Structure formats: structure tokens, C-alpha cells
Amino acid sequence: MLVLLDVVIPVFLVIGAGYLAVKAKFFADPHLDALMNFTQHIAIPVLLFRAALMLELGEVFDPRLLLSFYTGNTVAFFLGILAARLIFKRRPGEAVAIGFGALFSNSVILGVPIIERAYGGEVMDAAFAIIAIHAPFCYVLGITVMEISRADGRSAADTGKAVLHAVVRNALMIGLGLGFLGNFSGLVLPDTVMAAVDMIVRAALPTALFALGGVLTRYRMRASLGEAGMVALLSLVLHPAIAYVISHHFFDLELSFVRAAVLTASMAPGVNTYVFATLYHRAEDVAASTVLLATGVSVLSVSVWLTILNNLG
């Protein structure tokens with residue numbers, strides 16, 4: 001529990017700092033949009049570029065491990081969309097943005113420290129195999145479904161072009177694409193360039209969290225608590241449950257793979273949930289509330305999953 005608190009509390013402190021700074025008028029509300037633009041179009045793309053560039057692509061890539069994790073988050077994503085449409089009567093684009101919270105786990109800012117402290121070694125290696133394709137998979141799927149939901153009578157070919165156009169022009173995907181291109185080509189950046197990249201990377205997540213805290217002043221948690229609770233349930237319970245059943249009972253994977261799949265799946269929706277919503281200006285209030293609510297609840301839910309996984313050993 002103390003390990004989880006060491007990871008979660010700093011996240012809440014940064015979010016809280018942004019909230020209080022705007023509430024106390026130390027930081028002007030209109031400036032938040034500029035701050036979010038910086039994170040969306042510069043800082044986070046650079047972070048993803050660096051992550052893709054530095055990946056050891058020959059490490060653990062077991063298709064069964066990836067199926068265990070990505071089946072779970074895909075099912076949760078589409079169930080989230082259906083629930084948003086049928087239960088909460090959201091419009092198609094809003095439903096996709098809400099469902100995205102159940103698709104995108106906070107595998108880096110929460111997942112890596114927790115897994116490393118809990119298990120390290122082989123479990124950490126297996127987790128990196130999942131994390132390596134996490135952002136590309138989630139963004140391509142999310143953007144594709146969002147563009148289809150906004151097709152408005154377009155032909156399949158036109159919708160396909162719109163999806164390709166959105167993916168190619170998305171700053172986050174550009175960062176990932178350039179990173180993988182550099183990785184495949186063996187690109188080695190000069191130390192001075194990497195130092196500059198690292199400076200931006202260090203600013204990415206804290207800035208995004210601070211801006212998220214400021215944005216929360218615009219919304220009432222109570223107004224979107226139902227949708228946020230639904231996404232938290234899908235993300236913190238259903239996704240890891242599916243990963244557990246598939247990895248342990250269906251594929252009978254080795255223990256380190258089961259632990260990596262389930263624990264990574266049990267992470268709360270990350271700040272990218274809000275980033276995705278703001279890219280399309282859909283259900284931003286729900287996305288912000290989801291990140292806040294699910295991150296807090298994850299202190300308990302991740303502890304439960306750790307107990308279950310430890311009992312397997």
C-alpha cells in the first residue's frame with residue numbers, strides 16, 4: 001500500500017496544484033488551453049518519440065501476452081462506448097471519447113513504478129513488451145473509431161481517407177512514427193540533442209497533469225460521476241479480469257507474463273484519456289473526471305490485484 005501511495009500521491013499533488021493555482025487566480029484560466037496545446041503538440045509527442053527510439057525491439061514479444069492484454073482493453077473500450085450511448089445517451093463522438101478511458105491504461109506514470117517495485121526482473125521485461133505498442137494501438141484504434149463515428153454518411157473509402165489523414169496529422173502519432181523509424185534505422189542522436197529531448201520529456205507529464213488540474217475547475221465532478229464511475233469499473237476491474245482469464249486460464253502463460261499482463265491492465269486511465277478528448281473536443285469533462293476518480297480508486301483496486309497475483313506464486 002505504501003508503494004502505491006508513493007506513486008499516486010505525487011500525481012494528485014500536481015493535479016491539485018493546477019486546480020488551486022487556477023482557483024486562487026495565480027494562473028489565468030484562458031492560459032490552460034495554451035498549456036494543453038504545448039503538451040499535446042510538443043511535449044507528449046517528444047516523450048513518445050524518445051520512448052519508441054530507445055525501445056529494445058528484440059525483447060519479450062509473445063503474441064499470447066499481447067492478446068491477453070489487448071483483448072481486455074478492446075472489449076472494455078467498446079463496452080464503454082455502448083454504455084455511453086445506451087445508458088447515458090451520449091452522442092457518437094462523445095461516446096468514443098468516454099470509451100477511450102477504458103482503452104488507455106496509465107501504463108507508464110503508474111504502471112512502470114508499481115511493477116518495478118512489486119516484481120522487477122522478468123515481469124518488468126514482459127510489461128515493456130506491452131507498453132511498446134500501447135500508445136500506437138490505442139491511438140490508432142481510438143482515432144479510427146472516432147472518425148467512423150463522425151462519418152456522417154461518407155463512403156467507406158472517404159472514411160478510410162479521413163482516418164488515415166487524422167492518424168498522419170496527429171502529433172502524437174508523428175512522434176511515435178519518427179521514433180520507430182529512428183529505432184529501425186539505428187539512428188543515434190548526438191548527446192546534446194538527446195539532452196534537449198530529455199528536458200522536454202521531463203516537462204511533459206507534470207505539465208499535462210498540472211493543466212488537467214486547472215481544467216477540473218471548469219467542471220463539476222457530480223455532473224459526470226456516472227460516466228466516470230462506469231469507465232473506472234471497466235478499466236480497473238473488467239480489463240485486468242479479462243487479462244487474467246486469458247493469460248492464466250486460457251494460455252497458461254508463465255507467472256511473470258500473467259503478472260505483467262494483469263498488473264499493467266489494472267492501471268487507471270492515464271492523462272492521455274483527457275488529451276484524446278481535447279483533440280476532438282468531445283466529453284472533456286467526463287475524461288477529466290475519469291482520470292481523477294479512477295486514479296484515486298486504483299489505490300485500492302491495484303492492491304487487490306497485487307494480492308491475487310501474489311497468491312498465484
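The values are calculated or read from the model by the stated rules, or taken from the named source; none is laboratory data. Being a predicted model, the structure only gives us computed values, none of them experimental. Cβ placement follows ideal geometry from the backbone for every residue including glycine, while neighbour counts extend to all protein chains displayed. We work out accessible area using only protein heavy atoms, side chains counted, and drop any ligands, DNA or RNA first. Shrake-Rupley method; radii C 1.70, N 1.55, O 1.52, S 1.80 Å.
What is the number of the single condition among (1) among the polar types (S, T, N, Q); (2) closer than 26 Å to residue 114 by Cα; (3) under 16 Å from the mean Cα position of the chain (by Cα) that residue 278 does not meet?
(2)
Pick out the one residue from 21, 52 that is open to solvent by less than 80 Å² (accessible area, probe 1.4 Å), modelled with pLDDT of 85 or more and aliphatic (A, V, I, L, M). It would help to see each step written out before you state the result.
Numbers: 52 fails: modelled with pLDDT of 85 or more.
On inspection, the qualifying residue turns out to be 21.
If I go through the range 94-112 residue by residue, how many of them are farther than 15 Å from residue 230 by Cα and either open to solvent by 10 Å² or more (accessible area, probe 1.4 Å) or modelled with pLDDT of 95 or more (or both)?
4
Would a scan of the range 90-98 turn up a residue that is assigned to a helix (DSSP H, G or I), farther than 25 Å from residue 296 by Cα and not aromatic (Phe, Trp, Tyr)? Before the answer, list the steps.
Kept after step one, since they are assigned to a helix (DSSP H, G or I), are these residues of the range 90-98: 92-98.
Filter once more, keeping what is farther than 25 Å from residue 296 by Cα: 92-93.
Next, only the ones that are not aromatic (Phe, Trp, Tyr) stay: 92-93.
Yes, that holds for at least one residue.
Quick one: is residue 147 over 19 Å from residue 243 (Cβ atoms), modelled with pLDDT under 85 and either open to solvent by less than 50 Å² (accessible area, probe 1.4 Å) or aliphatic (A, V, I, L, M) (or both)? Break it down stepwise before answering.
Working: over 19 Å from residue 243 (Cβ atoms): yes; modelled with pLDDT under 85: yes; either open to solvent by less than 50 Å² (accessible area, probe 1.4 Å) or aliphatic (A, V, I, L, M) (or both): yes.
It is true that residue 147 is over 19 Å from residue 243 (Cβ atoms), modelled with pLDDT under 85 and either open to solvent by less than 50 Å² (accessible area, probe 1.4 Å) or aliphatic (A, V, I, L, M) (or both).
Take the range 26-41 and flag every residue that is out of contact with any helix residue (DSSP H, G or I) (no Cβ under 7 Å at 6 or more places or on another chain), part of a helix (DSSP H, G or I) and farther than 14 Å from residue 213 by Cβ.
Start the filter on the range 26-41 by keeping residues that are out of contact with any helix residue (DSSP H, G or I) (no Cβ under 7 Å at 6 or more places or on another chain), which leaves 26, 28, 30-31, 33-34, 37.
Still in the running and part of a helix (DSSP H, G or I): 31, 33-34, 37.
If the condition is that a residue be out of contact with any helix residue (DSSP H, G or I) (no Cβ under 7 Å at 6 or more places or on another chain), part of a helix (DSSP H, G or I) and farther than 14 Å from residue 213 by Cβ, then 33, 34, 37 are the ones that fit.
I need the full set of residues from the range 177-186 which are open to solvent by 80 Å² or more (accessible area, probe 1.4 Å) and not aromatic (Phe, Trp, Tyr), in order please.
So in the range 177-186, the residues open to solvent by 80 Å² or more (accessible area, probe 1.4 Å) come out as 178, 181, 184-185.
The answer is 178, 181, 185.
I'd like the full set of residues that are part of a helix (DSSP H, G or I), within 9 Å of the chain's Cα centre (by Cα) and over 12 Å from residue 234 (Cβ atoms), limited to the range 99-112.
Residues satisfying the conditions are 107, 108.
Among the numbered criteria (1) open to solvent by less than 60 Å² (accessible area, probe 1.4 Å); (2) modelled with pLDDT of 90 or more, which one does residue 207 miss?
Result: residue 207 fails condition (2) only.
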